[in-house]
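The structure appears below as structure tokens.
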Amino acid sequence: MPEVKILTEAELRALVPLDIDAIECVEQGFAVLADGSVVMPPIMTLMVPDHNGEVCVKSAYVPGIDSFAMKMSPGFFDNPKLGLPSTSGLMVLFASKTGMLEALLLDNGYLTDVRTAAAGAVAARRLAKEDASTVCVIGAGVQAKLQLKAIALVRPISAAVIWARDKVKAEALASELREEMGIDVSAQEDAAIAVSSADIVVTTTPSNTPLVMADWLRPGQLIIAMGSDQEHKVELEPACLTEADLYVPDSQSQCAVKGELRSALVAGVVSPERAFPELGDIVTGKVAGRGSDGDIIIADLTGTGVQDTAIATFARQRAETVGAGTTFTS
């Protein structure tokens with residue numbers, strides 16, 4: 001009978017820290033996505049409106065990888081009021097050749113957090129100015145913290161500012177990051193000042209109204225928008241895309257439905273016929289990234305199934321190397 005490996009969140013945290021290896025794993029996933037061979041279905045979303053919840057299912061088959069992941073990711077945004085995290089979930093690995101179940105990764109959303117932060121770092125490494133040293137983070141949750149830490153792995157970050165609708169949470173996160181990272185991190189009450197002060201702006205919220213206005217942007221900035229991943233979410237004023245010298249989606253078809261591109265299309269500020277270079281095209285060098293230090297660039301990251309297959313197989317490989325996990329016969 002087939003053997004199934006079960007890995008717990010604690011084991012996965014030890015196996016897959018947010019580091020350069022994780023970033024390069026996700027970057028390679030984008031590179032493979034760009035060659036057109038990946039089979040990646042549209043995201044399936046189950047809305048649970050009575051409890052401000054949603055569950056996303058993402059997957060991708062990547063030729064040459066022996067397994068593929070199915071990721072189930074709940075986001076219940078009233079959970080903090082109950083003393084629970086907003087996100088959870090798990091990943092399931094199947095054999096690419098036979099479809100047989102191989103592993104259950106009971107990560108409670110940890111691997112999703114890592115691969116999402118890693119994607120932000122890929123965007124920063126490929127699209128930010130080489131000397132970018134300041135970051136504005138919009139939001140004060142788990143992803144806000146991880147995005148700053150990931151970006152600091154690829155750019156010489158010396159200072160950051162946090163803006164969130166909850167001032168207390170922003171101040172608490174700023175204090176935590178100052179201590180952990182040893183850099184100048186402060187909370188800012190004025191979002192416009194926070195945004196305009198930074199080389200890199202990263203948005204990390206589930207907002208359904210714009211939080212970043214077009215007239216706040218300044219030359220040379222990279223804006224990494226990763227909070228909008230559903231049809232009702234938006235973090236950037238649609239006009240931001242018209243201010244950008246370069247707009248880079250992780251997947252244009254996906255961003256047109258769930259990302260900042262969707263809002264721009266609805267507002268009529270972007271033509272539905274226009275094609276944009278995707279992040280994988282930048283990674284592989286098919287398309288040039290930053291043209292000059294004065295360019296405004298927007299990276300629209302909705303989260304792709306290829307990232308989930310990449311990070312899940314990476315975690316399983318590391319587990320096999322050290323003999324981690326528990327094996328069951330199904």
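Could you please tell me which pairs satisfy a Cβ distance under 6 Å, a separation of 6+ or placement on different chains, a first residue in region 134-151 that is farther than 21 Å from residue 20 by Cα, and a second residue that is assigned to a helix (DSSP H, G or I) and of a type in the set (Val, Ile, Thr)?
What qualifies is 136/195.
So if I check each of 311, 298, which one is touching a residue at least 60 places away in the same chain (Cβ under 8 Å) and either closer than 24 Å to residue 65 by Cα or assigned by TED's automatic domain parsing to the domain that holds residue 45 (or both)? Steps first, please.
Working: 298 fails: either closer than 24 Å to residue 65 by Cα or assigned by TED's automatic domain parsing to the domain that holds residue 45 (or both).
On inspection, the qualifying residue turns out to be 311.
So which of 227, 259 is closer than 19 Å to residue 304 by Cβ, small (Gly, Ala, Ser) and without any contact (Cβ under 8 Å) to a residue 60 or more places away in the chain?
259
Condition test on residue 64, is it loosely packed, with under 12 Cβ neighbours inside 10 Å and either in a loop (DSSP other than H, G, I, E, B) or of a type outside the set (A, V, I, L, M, F, W, C) (or both)? Quick ask: steps written out before the conclusion?
Working: loosely packed, with under 12 Cβ neighbours inside 10 Å: yes; either in a loop (DSSP other than H, G, I, E, B) or of a type outside the set (A, V, I, L, M, F, W, C) (or both): yes.
For residue 64, the condition - loosely packed, with under 12 Cβ neighbours inside 10 Å and either in a loop (DSSP other than H, G, I, E, B) or of a type outside the set (A, V, I, L, M, F, W, C) (or both) - is met.
Can you pull out every residue in region 220-248 that is more than 21 Å from residue 55 (Cα to Cα), surrounded by 23 or more Cβ atoms within 10 Å (Cβ to Cβ) and in contact with a Ser or Thr (Cβ under 8 Å, 6 or more places away or on another chain)?
Answer for region 220-248, where residues must be more than 21 Å from residue 55 (Cα to Cα), surrounded by 23 or more Cβ atoms within 10 Å (Cβ to Cβ) and in contact with a Ser or Thr (Cβ under 8 Å, 6 or more places away or on another chain): 223, 224, 236.
In this structure, is residue 320 within 15 Å of the chain's Cα centre (by Cα), among the acidic types (Asp, Glu) and either assigned by TED's automatic domain parsing to the domain that holds residue 86 or crowded, with 24+ Cβ neighbours inside 10 Å (or both)?
Considered against the rule, which asks whether it is within 15 Å of the chain's Cα centre (by Cα), among the acidic types (Asp, Glu) and either assigned by TED's automatic domain parsing to the domain that holds residue 86 or crowded, with 24+ Cβ neighbours inside 10 Å (or both), residue 320 comes out as no.
Counting residues that are surrounded by 22 or more Cβ atoms within 10 Å (Cβ to Cβ) and at pLDDT 95 or above, which helices (runs of 4 or more DSSP H) fully inside region 139-209 reach at least 3?
By residue number, 142-151, 167-181.
Those residues that are surrounded by 17 or more Cβ atoms within 10 Å (Cβ to Cβ) and touching a residue at least 60 places away in the same chain (Cβ under 8 Å), I need them from region 90-105; list them, please. Steps first, answer last, please.
First pass over region 90-105, keeping only residues surrounded by 17 or more Cβ atoms within 10 Å (Cβ to Cβ): 90-94, 96, 102-105.
Selection gives 91, 93, 102, 103, 104, 105.
Being of a type in the set (S, T, N, Q), modelled with pLDDT of 95 or more and closer than 20 Å to residue 228 by Cα, is that true of even one residue in region 1-9?
Among the residues of region 1-9, not one is of a type in the set (S, T, N, Q), modelled with pLDDT of 95 or more and closer than 20 Å to residue 228 by Cα, which makes the answer no.
Among residues belonging to region 86-100 that are part of a loop (DSSP other than H, G, I, E, B) and within 30 Å of residue 205 (Cβ to Cβ), point out the one that is modelled with the lowest pLDDT.
86
Which of the residues belonging to region 282-317 are within 19 Å of the chain's Cα centre (by Cα) and of a type in the set (A, V, I, L, M)?
Of everything in region 282-317, those that are within 19 Å of the chain's Cα centre (by Cα) and of a type in the set (A, V, I, L, M) turn out to be 282, 283, 297, 298, 299, 301, 306, 310, 311, 312, 315.
Answer yes or no as to whether residue 5 is touching a Ser or Thr at 6+ places or on another chain (Cβ under 6 Å), among the basic types (Lys, Arg) and either closer than 14 Å to residue 309 by Cα or surrounded by 18 or more Cβ atoms within 10 Å (Cβ to Cβ) (or both).
yes
Suppose the filter is at pLDDT 95 or above and over 30 Å from residue 264 (Cα atoms); does residue 314 pass it?
yes
Considering region 44-61 alone, what residues qualify as being in contact with a Phe, Trp or Tyr (Cβ under 7 Å, 6 or more places away or on another chain), touching a residue at least 40 places away in the same chain (Cβ under 8 Å) and surrounded by fewer than 19 Cβ atoms within 10 Å (Cβ to Cβ)?
Across region 44-61, the qualifying residue is only 61.
Among 80, 74, which is the only one that is assigned to a strand (DSSP E or B), of a type outside the set (A, V, I, L, M, F, W, C) and surrounded by fewer than 20 Cβ atoms within 10 Å (Cβ to Cβ)?
Criteria check complete, one pass: 74.
The values are calculated or read from the model by the stated rules, or taken from the named source; none is laboratory data. Small disclaimer: the values here were computed from a predicted structure and weren't measured. Because the Cβ atoms are built from the backbone with ideal geometry, glycine has one as well, and the counts that use them run over all protein chains shown.
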